[in-house]
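What follows is one structure encoded as C-alpha cells, with my remarks underneath.
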Amino acid sequence: MLSQYEGFGLTVLEAMACGTPVVCSRIGALTEVAGAAALLVDPRDPGSAAEALWRVLNEPPVAAELSHQGVERARQFTWARTAALTLKAYEEVARP
C-alpha cells in the first residue's frame, strides 16, 4: 500500500490481524498504526517499496517476524481501549 495519505490505516490493521506481513508507506496514520510491526517505505520511492517487498518474499525470517509482530500489534486496537482513550480525552478537555 503506497498511500500518500490515510485517515487511519484500517487496511494495515486488518492485514496485521490476519498475520499478513505488511509493507506500507511511511506517512502519519500508517506509521502510528503499524508501529515497528511493518516495513515502512517512502511512498515517493518505488525502489524502497520493491526492496521491502523483496525482503518479505525472499527472507522467510523477516516475513515470519513481521507476521508475529503484526498480530501482536493488531491486538492492541480494541473497541474497549478506543472507548477508554476517547473518554479520557473528553475528561481532560472538559476539566475547568
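Observations on the model:
- Inter-label distance, nm, simple model (7 Å from Cα along the C-beta direction), residue 32/residue 14: 2.0
- Evaluated with a Cβ-only charge set (Lys, Arg +1; Asp, Glu -1), the chain carries a dipole of roughly 240 debye about its Cα centre, given to the nearest 20.
- Integer Hz, Karplus 6.51/-1.76/1.60 couplings in order for the range 63-78, x for Gly and Pro: 4, 5, 5, 4, 4, 4, 4, x, 4, 4, 5, 4, 5, 6, 9, 10
- Vicinal HN-Hα couplings computed from phi for the range 39-51 (Karplus, 6.51 cos²θ - 1.76 cosθ + 1.60; Hz; Gly/Pro x): 8, 9, 10, 6, x, 9, 10, x, x, 5, 5, 4, 5
- Radius of gyration and Dmax over the Cα atoms of the chain, both given in Å: 15.5, 57
- Sparse-neighbourhood loop sites, trypsin sites (Lys or Arg not before Pro) in the chain - DSSP loop, at most 11 other Cβ within 10 angstrom: 44
- Close amide-amide hydrogen proximity is noted between residue 41 and 24, 25, 26, each under 5 Å apart and 5 or more residues distant or on a separate chain (H modeled in the peptide plane; Pro and chain starts excluded).
Where a number appears in this text, it was derived from the coordinates with a stated rule and is not lab data. None of these values were measured; they are calculated from a predicted model. All Cβ positions, glycine included, derive from the backbone under ideal geometry; neighbour counts span all protein chains shown.
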